[in-house]
Amino acid sequence: QVQLVESGGGLVQAGGSLRLSCAASGSGFGMLAMNWYRQAPGKQRELVATITGGGNTNYADSVKGRFAISRDDAKTTVYLQMNSLRPEDTSVYYCNAKQWGIINYWGQGTQVTVSS
């Protein structure tokens, strides 16, 4: 079992920055693929960024060059640094852990609102 708790959301002006954190508890964090998803009202949840246990990263085209995902295995925490934020980045952001490629764990979500 893995429990995930996100923090760091809030209200920011366009062009600003936020850093989201996702603290994980449970065993085997270093082997988990960690992901950030987001979901805006009336839209499907979309994958924003991924980091594997080995540190390989991947990003949605819409956030490439602006967002950076990282992990600290000693702190069992994954981060999403979001720069140059746009109003269209406004969403609830969810942390996800994928175990053995098949089991998904989700956090409760954190709201990010970008004002124009």
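The values are calculated or read from the model by the stated rules, or taken from the named source; none is laboratory data. Please read these numbers as outputs of a predicted model, since none were measured by experiment. Backbone-built Cβ (ideal geometry, glycine too); neighbour counts: all protein chains shown. For the accessible areas, the whole protein counts, side chains as well, though only heavy atoms, and no ligand, DNA or RNA atoms are used. Shrake-Rupley method; radii C 1.70, N 1.55, O 1.52, S 1.80 Å.
Inspection of region 86-99 identifies at least one residue that is open to solvent by 40 Å² or more (accessible area, probe 1.4 Å), at pLDDT below 95 and under 17 Å from Asn56 (Cα atoms). When Ser115 is tested against (1) of a type in the set (S, T, N, Q); (2) touching a Cys at 6+ places or on another chain (Cβ under 8 Å); (3) within 18 Å of Ser17 (Cα to Cα), only condition (2) is not met. The criterion of being over 19 Å from Ser116 (Cβ atoms) and either of a type in the set (S, T, N, Q) or under 13 Å from the mean Cα position of the chain (by Cα) (or both) holds for Ala23. Of the strands (runs of 3 or more DSSP E) lying entirely inside region 1-57, the ones with 2 or more residues being touching a residue at least 40 places away in the same chain (Cβ under 8 Å) and surrounded by 17 or more Cβ atoms within 10 Å (Cβ to Cβ) are found at 3-7, 18-25, 33-39.
If I ask for residues that are over 13 Å from the mean Cα position of the chain (by Cα) and surrounded by 11 or more Cβ atoms within 10 Å (Cβ to Cβ), which ones from region 106-116 would you list? First the steps, then the outcome.
So in region 106-116, the residues over 13 Å from the mean Cα position of the chain (by Cα) come out as 113-116.
Residues satisfying the conditions are Thr113, Val114, Ser115.
One residue alone among Thr52, Thr77 is closer than 16 Å to Val5 by Cα and of a type in the set (S, T, N, Q), and that residue is Thr77.
Strands (runs of 3 or more DSSP E) wholly in region 69-116 with at least 3 residues that are touching a residue at least 60 places away in the same chain (Cβ under 8 Å) and either in contact with a Phe, Trp or Tyr (Cβ under 9 Å, 6 or more places away or on another chain) or not aromatic (Phe, Trp, Tyr) (or both) - which ones?
Working: elements: 77-82, 91-99, 103-106, 110-115.
Strands (runs of 3 or more DSSP E) meeting the threshold: 77-82, 91-99, 110-115.
The set of residues from region 58-67 being part of a strand (DSSP E or B) and surrounded by fewer than 17 Cβ atoms within 10 Å (Cβ to Cβ) comprises just one member, Asn58.
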